[in-house]
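K.L.:
Have a look at the structure that comes next, please.
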Amino acid sequence: MAGIHAVANFARTPVSAAKARVSVVRPSYVKMATLDRVPPPAPDAEAELEPRMPPGPRLPRILQTAGFMFGSSPWFIDACRRRFGDAVTFRTVFDSQFVMVFHPALVKELFHGPGEQLRAGEANAMLGPVVGERSVLLLDGSEHLRHRRLMLPPFHGRRMHTYVAAMRRSADLEIDAWPVGEPFALLASMQSLTLRVIMQAVFGYAPGPAEEDLRRRVRAMVEPLARPRSLALLAALPMLLGREPAMNDRFASARRGVDEVLFAEIARRRGLGDDALQDADDVFSALLLAEDEEGRRLSDQEVRDELVTLLLAGHETTATGLAWCFDLLLHAPAAHARALERDELYLDAVIKESLRIRPVIPAVGRVVRGGPFRLGEYVIPTGIEINPSIRVIHRREDIYPDAGAFRPERFLVDNPPDTYSWIPFGGGPRRCLGASFALMEMRIVLDRVLERAALRAADPDLAKVQFRAITLAPRDGVRVVQDRPPARG
Ligand code: HEM
């Protein structure tokens, strides 16, 4: 996530130092291009070191900034893509130069490039004030690998099945609370659902007062970041912390509210001893027990940072993905009818297609360090951020014919889109650590809602896309109506 997914890599600013970069959404698009990219002839070694930036618009930076900022449609990037090709250099007031890439072959080069040289952590630096400096999202190189290895086991294999019950239970709680006969916003309900899942599966809290208290504190910290203009807040945090008292106080006190509970819980669990932790099925306990090759465990601060990271990375994203999924399905009668049969493969295809057409994170980022990086026919100098545009790649007509249409069947063929053309979770050694968790959660929730509730769209058109700090969210939160009470759970 360049910016968590630096997510919405859209603006970058030399906030204080290289560490404090801001990456935001750079929506974009695509003109047709062949996937059979032939590698360019190897230039001589001397020339190879010479920077060679991709072409880009000559418009003043202020106008390019406006092109990114105004409107939810990526018309500006679309136009640049058509004019300049699969890699384009942009300049905004936040970032004097960055490169966006739109071709799977270039994405492959980037995802497989050396982690020391292509720094996702640096691209995500604007999340530092929230997730902490020891978060896997912010680390690069060997420290990143160490944290990732320690965090991976609870997100794989058999362990994943222990989360199913929490996911189903959370879906039921939401379904039972929906009004009958009047419109309501699905996004808010999905936010509450996915937060509950994280509380139980990741934090290991059983429903009750302690879980409710932590949930309230977490929402107080995260909610301001999920508002439409939150990007400015996120970008400004590194500058404002310590300088602007009101902002500093508000944010710091919300963060302290979460930290108090987390550090106390870390101490309590460490006090229980390893045997008790081994019996627990949650990610929190697994993080306390995890050891690297030298037998070192994560410090209290590192455990805190990773817990907040999982919260931030896993809660709003999955909720937004689910809201979009229902929006698309409820506006596609044939796909909806087939989904009601609840065939697992078809539901997976529905989810993949909705993450294609409405990717939650529009772009990821890698900052070049320690020498120029060769990208296709270009040589990108150190200090430049490169952003694969998920949004644009997912709309390439040469990969996805009739790319604007919602067609889950695309993912049911023998050769479905590959790991460089379907990239809602990024890729390479930085690929989303919770991808399987998120896909499983989305399938369980989708299945449960289709089984129990008769939903229909409240509005004739799909929701408009709106940039938030981390996600591309539905503007009105996806309004739906439930015409009759849900079937019993
Ligand atoms: C639909 C839901 C989700 C989407 C669309 C999503 C998307 C992403 C993306 C695009 C990245 C950046 C990858 C890159 O730079 O190549 C990422 C990273 C990450 N995600 Fe997710 N994510 C989702 C859910 C989750 C969940 C449920 C969790 C955990 C509970 C999670 C944890 C993480 C972590 C820890 C990273 C950082 C990985 C690293 O830097 O090594 N995500 N995610």
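The values are calculated or read from the model by the stated rules, or taken from the named source; none is laboratory data. On a predicted model such as this, the values are computed, not experimentally measured, just so you know. When we count neighbours, we look across all protein chains shown, and the Cβ atoms used for this are built from the backbone with ideal geometry, even at glycine.
K.L.:
Going through Ala286, Ala276 one at a time, which residue ends up being over 26 Å from Leu187 (Cα atoms), part of a helix (DSSP H, G or I) and within 16 Å of the ligand (Cβ to nearest atom)?
P.N.:
Ala286
K.L.:
Looking at this structure, is Ser421 more than 8 Å from the ligand (Cβ to nearest atom), surrounded by 14 or more Cβ atoms within 10 Å (Cβ to Cβ) and part of a loop (DSSP other than H, G, I, E, B)?
P.N.:
yes
A quick yes/no check of all residues on (1) of a type in the set (Gly, Ala, Ser); (2) in contact with a helix residue (DSSP H, G or I) (Cβ under 8 Å, 6 or more places away or on another chain):
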site: Glu109; (1), (2): no, no
site: Glu122; (1), (2): no, yes
site: Gly157; (1), (2): yes, no
site: Ala185; (1), (2): yes, no
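K.L.:
Scanning the stretch 147-159 for residues that are assigned to a helix (DSSP H, G or I) and either on the phi > 0 side of the Ramachandran plot or more than 11 Å from the ligand (Cβ to nearest atom) (or both), which turns out surrounded by the fewest Cβ atoms within 10 Å (Cβ to Cβ)?
P.N.:
If we take residues in the stretch 147-159 being assigned to a helix (DSSP H, G or I) and either on the phi > 0 side of the Ramachandran plot or more than 11 Å from the ligand (Cβ to nearest atom) (or both), then Arg158 is surrounded by the fewest Cβ atoms within 10 Å (Cβ to Cβ).
K.L.:
Suppose we filter the stretch 346-388 for residues that are in a loop (DSSP other than H, G, I, E, B) and β-branched (Val, Ile, Thr); how many remain?
P.N.:
Matching residues across the stretch 346-388 total 5.
K.L.:
Let me ask another. So, in the stretch 451-470, exactly how many residues are surrounded by fewer than 16 Cβ atoms within 10 Å (Cβ to Cβ) and in a loop (DSSP other than H, G, I, E, B)?
P.N.:
Counting residues in the stretch 451-470 that are surrounded by fewer than 16 Cβ atoms within 10 Å (Cβ to Cβ) and in a loop (DSSP other than H, G, I, E, B) gives 5.
K.L.:
How many residues are farther than 14 Å from Leu312 by Cβ and either among the polar types (S, T, N, Q) or crowded, with 24+ Cβ neighbours inside 10 Å (or both) when one looks only at the stretch 126-146?
P.N.:
1
K.L.:
Tally up the residues in the stretch 175-210 that are away from the ligand (no atom under 16 Å from the Cβ) and more than 23 Å from the chain's Cα centre (by Cα), please.
P.N.:
15
K.L.:
Exactly one of these conditions fails for Gly128: (1) closer than 30 Å to Pro372 by Cα; (2) part of a helix (DSSP H, G or I); (3) under 19 Å from the mean Cα position of the chain (by Cα); (4) within 11 Å of the ligand (Cβ to nearest atom). Give me its number.
P.N.:
Among (1) closer than 30 Å to Pro372 by Cα; (2) part of a helix (DSSP H, G or I); (3) under 19 Å from the mean Cα position of the chain (by Cα); (4) within 11 Å of the ligand (Cβ to nearest atom), the lone unmet condition for Gly128 is (4).
Each row is one residue, and each column tells you yes or no for (1) farther than 24 Å from Val88 by Cβ; (2) among the hydrophobic types (A, V, I, L, M, F, W, C); (3) within 16 Å of the ligand (Cβ to nearest atom); (4) at pLDDT 95 or above.
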| position | (1), (2), (3), (4) |
| --- | --- |
| Ala349 | yes, yes, yes, yes |
| Glu353 | yes, no, yes, yes |
| Pro359 | no, no, yes, yes |
| Gly365 | no, no, yes, yes |
| Tyr378 | no, no, no, yes |
| Ile393 | no, yes, yes, no |
| Arg396 | no, no, no, no |
| Arg407 | yes, no, no, yes |
| Cys432 | yes, yes, yes, yes |
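K.L.:
Additional query: Among the numbered criteria (1) surrounded by 15 or more Cβ atoms within 10 Å (Cβ to Cβ); (2) within 19 Å of the chain's Cα centre (by Cα), which single criterion is violated by Arg475?
P.N.:
(1)
K.L.:
Then there's this: How many of the residues making up the stretch 306-320 are within 6 Å of the ligand (Cβ to nearest atom) and within 10 Å of the chain's Cα centre (by Cα)?
P.N.:
Qualifying residue count for the region: 4.
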